[in-house]
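To start, the structure under review is shown below, and the notes come after it.
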Amino acid sequence: METLTPRRGDSAEPPAPLPATAPLPATAPPRQVDRIAGVRLLDGREVDVDIAGETVVAVRAAGASAAPGPAVLDGRGFLALTAPAEPHAHLDKALSWGATRPAGGDLGAAIEAWRAHAVTVDAEEIHGRALAAARRLVANGTTAVRSHVDLHSAGDPLRGVRALARVREELAEVLDLQIAVMVRQEDPADRVRAAVAAGADLIGGAPHLASDTAAETHRLVDLAEELGTGIDLHVDEFLDGDHGMLAVFTERVASWEPARVRTAGHCCRIGAMDAPGQAAAADAMSGAGVGVVTLPITNLYLQGRGAATSTPRGLPPVRALLDGGVTVAAGADNVRDPFNPVGRSDAAETAMLLVVAAHLDLETAWHLVTDGAREVMGLPPAGPVPGRRPDLLLVRAGGIDDVIADAAADRIVIRAGRVVSARAVVVVDPFTPATTCEETP
Ligand SMILES: [Zn+2]
């Protein structure tokens, strides 16, 4: 558990500020919650939420419950929400902006800058940045993350996979971490098998970067079938032209059993189609059970840079996809790396961008970063509902408009019934020495 505590200046040296890439303070051991008392739900009711182990067992009007177990969390003033899930991160690249500095702001420049850095990046650097990025997500309320991770050409090709597997082990009590290995055309099948053996859960990749997109898409689906994994591909991360990937992908996975994860990230090109084309794409993905992940902050940054007039937004047509029956999630993709120099690792930021750039209403935007994200990721349903998993975010807010517009900092994060982070803003006297973050015992 972490908290912001004003530090009184009793020594001559003021505390040094945290460097931009430093991890947030460590969390204390997670603590089980038996009841959240007097918390507000999105429908306005004030309730007690009873939890037994990893299940919400009852939600009753506040004060109407029987005697609770020993661990009661005072939820008064807080809104109880399903905890966010981040369906598409690149933890191995996160927080590397300062070390990479791409020459331009488009996807090609970002890839070049990252490849130049990746030649020398070692497992320790990857691990340190990935751990810091994951902890930022948890502190903001995210309890499940799917991260893509590169294979490397120079040195140990699996060092990124191993670094993320290490992060998963270290954060096992606070975060569900799925790892999708980014397979390139030059990666032989044995390397992919080794990546899965080293901890990758899903086959990933960006076949639109391959010389033969259709052949590479077939190869990646073949590998997922051979290895018994799900698949999560970067699909059509561009606005003009067509490599035919979407048709190949949806045809190949349409016969998979329903529970097997198949995800299409980005899908920017669909946003540039006319309405009949968008409806056909939605039909194909809905019929094939493909979940779509839109990534507003990164694609708003990367796409449309060649269009000075009426610059396109680079997002898929989220409303049309939802109307067509597609399961849609939203994430951030890159955070403070060559592909996007900004981002707060906060689902409220992604939801805000969905409201302004994808024209979603507040409730739908929040759904895409929480319940929709969990569905795309193949996770069990969560939220303050009997029978669901108690992965919850408590925010000091009156309604979802406060959450998304203000991104209120006072948050309590509960994962599988246990508090994994708690944070509050502290008002300080500005004439006393600096304030810093300290770990609570
Ligand atoms: Zn990505």
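Worth pointing out:
- Helix 213-227 vs. the chain, principal-axis angle (Cα, 0 to 90°, nearest 10): 60 degrees
- For the peptides 364-370, 141-147, the ranking by packing is 141-147, 364-370, with the highest mean count of neighbouring Cβ atoms within 10 Å listed first.
- Residues whose amide H comes within less than 5 Å of that of ALA89, counting only those at least five positions distant or on another chain, are ARG146, SER147, HIS148 (H built at 1.01 Å from N in the peptide plane).
- Förster-model FRET efficiency, 41 Å R0, LEU209 and ALA67, C-beta, rounded to 0.05: 0.10
- Rounded tilt (10° steps) of 275-288 against the dominant C-alpha axis of the chain: 80 degrees
- Potential extension, ARG193-ARG101 segment - 0.36 nm per residue separation minus Cα distance: 29.8 nm
- For the stretch 166-181 versus the stretch 388-436, the gap between their alpha-carbon centres in whole angstrom: 23 Å
- Given their separation in residues at 0.36 nm each and the Cα-Cα distance between them, ARG166 and ASP323 gain 52.5 nm when the chain is fully extended.
- Candidates SER345, SER211, SER153: whichever shows maximal mean-square fluctuation once the chain is modelled as a Gaussian network with Cα springs under 10 Å: SER211
- Close amide H pairs (under 5 Å, H built 1.01 Å from N) link PHE238 with CYS268, ARG269, residues at least 5 positions away or on another chain.
- Folded to 0 to 90 degrees: helix 123-140 orientation relative to the chain principal axis, Cα: 50 degrees
- Computed log₁₀ I(q)/I(0) - Debye formula, equal Cα scatterers, no solvent, the stretch 94-184, q 0.13, 0.24 Å⁻¹: -0.45, -1.27
- Mean residue ellipticity (222 nm) of the chain, computed from DSSP H runs ≥ 4 via -39,500 (n - 2.57), nearest 500: -9500 deg cm²/dmol
- Taking the alpha carbon gyration tensor of the chain, multiplying each eigenvalue by 5 and rooting it gives semi-axes of 35, 26, 21 Å, largest first.
- Using distinct alpha-carbon pairs, which all enter the 1/r mean, Kirkwood radius of the stretch 45-143 in Å: 17.5 Å
- Residues whose amide H comes within less than 5 Å of that of ARG31, counting only those at least five positions distant or on another chain, are VAL419 (H built at 1.01 Å from N in the peptide plane).
- Exposure proxy ranking, count of Cβ atoms within 10 Å, fewest first, for THR213, THR350, THR309: THR309, THR213, THR350
- The HN-Hα couplings worked out from phi for the stretch 107-113 by the Karplus form 6.51 cos²θ - 1.76 cosθ + 1.60 (θ = phi - 60°) are 4, x, 5, 5, 4, 4, 4 Hz, whole numbers, x standing for Gly and Pro.
- Between ARG31 and ASP429, the distance separating the two model label sites (each 7 Å from Cα on the Cα→Cβ line) works out to 2.9 nm.
- Table column - 3J(HN,Hα) (Hz), the stretch 41-48, Karplus curve with 6.51, -1.76, 1.60, x for Gly and Pro: 9, 4, 7, x, 5, 9, 9, 9
- Order of PHE431, PHE78, PHE249, PHE238 under a 10 Å beta carbon neighbour criterion, fewest first: PHE431, PHE238, PHE78, PHE249
- When the chain is treated as a GNM with alpha-carbon contacts under 10 Å, the residue of ASP323, ASP34, ASP371 showing the greatest mean-square fluctuation is ASP323.
- Going from the residue with the fewest nearby Cβ atoms within 10 Å to the one with the most, MET182, MET377, MET285, MET273 rank MET273, MET182, MET377, MET285.
- Backbone HN-Hα couplings from phi across the stretch 55-62 [Karplus 6.51/-1.76/1.60, Hz, Gly and Pro as x]: 9, 6, 9, 7, 10, 10, 3, 3
- Between ARG184 and ARG260, the simple label model (points 7 Å from Cα in the Cβ direction) yields a spacing of 2.8 nm.
- Counting only Cβ charges, +1 for Lys and Arg and -1 for Asp and Glu, the dipole size of the chain around its Cα centre is about 640 debye.
Every number in this text was worked out from the coordinates using simple rules, so none of it is lab data. None of the values given here were measured: they were computed from a predicted structure. Positions of Cβ are generated from backbone atoms using ideal geometry, with glycine treated the same way; all protein chains shown enter the neighbour counts.
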